[in-house]
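Chemist: The following block contains the structure, expressed as C-alpha cells.
The values are calculated or read from the model by the stated rules, or taken from the named source; none is laboratory data. These figures come from a predicted structure and were not determined experimentally. Here Cβ is always computed from backbone atoms with ideal geometry, including for glycine, and neighbour counts include all displayed protein chains.
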Amino acid sequence: GAVVSQHPSRVICKSGTSVKIECRSLDFQATTMFWYRQFPKQSLMLMATSNEGSKATYEQGVEKDKFLINHASLTLSTLTVTSAHPEDSSFYICSASPEGGTQYFGPGTRLTVL
Amino acid sequence: GENVEQHPSTLSVQEGDSAVIKCTYSDSASNYFPWYKQELGKRPQLIIDIRSNVGEKKDQRIAVTLNKTAKHFSLHITETQPEDSAVYFCAASRRSGNTGKLIFGQGTTLQVKP
C-alpha cells in the first residue's frame with residue numbers, strides 16, 4: 001500500500017525559533033499533499049494544500065507567512081513553522097494520495113514550543 | 001463554507017453490541033466520504049469509504065450508508081470488540097483525482113467495554 005512518512009516525529013523548540021517538518025511519499029508520486037493540525041482531543045483541521053511546483057493554497061485563518069510550505073518534488077513537501085510560539089504546539093499531520101486514490105496520512109509530528 | 005457535523009462525540013457500548021456514528025455534510029458537491037480510525041498519538045487509518053454513486057458499502061463488521069438527498073452518512077460497526085476502541089472521524093470531499101481536500105467531522109470516541 002501507499003506509504004507516507006514524516007520527519008521528525010517529535011520536536012521541542014524554544015519560542016521564536018523556526019521548525020521544519022518533512023512529509024514524503026515513499027512509494028508513489030504526489031502532485032498534491034495536505035497539511036493538517038490536530039490539537040488534543042480535537043479533529044484534524046486542514047491548514048493548506050501543497051501543490052508541486054506552485055504555491056500552496058491556505059485555508060481561511062491560516063497565516064501563510066507563518067506556516068511556509070514548499071513542495072519541491074513529487075515526493076516531498078515541507079512545512080516550516082516560523083517564529084514558533086507556545087500556541088503553535090500541536091500535532092501536525094500530512095497526507096498524500098496516489099493519482100485518483102485514497103489519502104494516506106503520515107505518522108504525524110508532535111511540536112512542543114517552550 | 002464546507003462543514004461536516006458528527007454525532008455522537010462519545011459512544012460507549014458493551015462488547016458484541018453494535019455502534020453507529022452519524023455525519024451530516026453541507027457541501028452538496030461532495031462525492032467521496034471516507035471514515036478514519038485514530039488511536040491515541042497515531043495517524044488516522046482509513047477503515048472504509050464510499051462514493052456518491054453508491055448507497056451502501058460493507059466490509060466484514062463495518063458498513064457505511066449514504067443518503068445523498070439528506071446529505072447524511074453513517075458508520076455501522078457490528079459485533080464490537082475492545083480493539084475497536086478509538087476515535088473515529090468521518091470526512092467529506094469533492095474528489096477529483098488526488099486533489100480533493102478532506103473536511104473532517106469532530107470525531108467520536110468509541111469505548112467498547114469487555
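Chemist: Would it be correct to say that A:H71 is modelled with pLDDT under 95 and either under 12 Å from the mean Cα position of the chain (by Cα) or buried (at least 21 other Cβ atoms within 10 Å of the Cβ) (or both)?
Modeler: The answer is yes for A:H71.
Chemist: Hey, does the stretch B:77-86 have a residue that's touching a residue at least 40 places away in the same chain (Cβ under 8 Å), away from chain A (no Cβ under 11 Å) and part of a strand (DSSP E or B)? Spell out how you get there, then give the answer.
Modeler: The initial filter retains those residues of the stretch B:77-86 that are touching a residue at least 40 places away in the same chain (Cβ under 8 Å), namely B:77-82, B:84, B:86.
Applying the additional criterion that residues be away from chain A (no Cβ under 11 Å) yields B:77-82, B:84, B:86.
Those still in the list that are part of a strand (DSSP E or B) too: B:77, B:86.
Yes, the stretch B:77-86 has at least one match.
Chemist: Only one of B:Q38, B:Q45, B:Q106, B:Q81 is among the polar types (S, T, N, Q) and surrounded by 20 or more Cβ atoms within 10 Å (Cβ to Cβ); which?
Modeler: Exactly one residue qualifies, and that residue is B:Q38.
Chemist: Let me ask something additional. So, in the stretch A:56-114, how many residues would count as being in a strand (DSSP E or B), hydroxyl-bearing (S, T, Y) and more than 14 Å from chain B (Cβ to nearest Cβ)?
Modeler: Counting residues in the stretch A:56-114 that are in a strand (DSSP E or B), hydroxyl-bearing (S, T, Y) and more than 14 Å from chain B (Cβ to nearest Cβ) gives 3.
Chemist: While we're looking at this one, here's another question. Please enumerate the residues belonging to the stretch A:1-23 that are of a type in the set (D, E, K, R) and either touching a residue at least 60 places away in the same chain (Cβ under 8 Å) or touching a helix residue (DSSP H, G or I) at 6+ places or on another chain (Cβ under 7 Å) (or both).
Modeler: Those that are of a type in the set (D, E, K, R) and either touching a residue at least 60 places away in the same chain (Cβ under 8 Å) or touching a helix residue (DSSP H, G or I) at 6+ places or on another chain (Cβ under 7 Å) (or both): A:R10, A:K14, A:K20.
Chemist: Just a yes or no: is a residue in the stretch A:100-111 over 20 Å from B:Y36 (Cβ atoms) and in contact (Cβ under 8 Å) with a residue 12 or more places away in the chain?
Modeler: yes
Chemist: Quick one: which strands (runs of 3 or more DSSP E) lie wholly within the stretch B:22-68 and hold at least 3 residues that are over 14 Å from B:F89 (Cβ atoms)?
Modeler: Details: elements: B:32-38, B:45-51, B:56-59, B:62-67.
Once the strands (runs of 3 or more DSSP E) in the stretch B:22-68 are filtered for at least 3 residues that are over 14 Å from B:F89 (Cβ atoms), what remains is B:56-59, B:62-67.
Chemist: Residue check: is B:K68 under 25 Å from A:F34 (Cα atoms), charged (D, E, K, R) and surrounded by fewer than 21 Cβ atoms within 10 Å (Cβ to Cβ)?
Modeler: So B:K68 fails the test.
Chemist: Output the number of residues of the stretch B:37-46 satisfying the condition of being over 16 Å from A:S97 (Cβ atoms) and not small (G, A, S).
Modeler: 5
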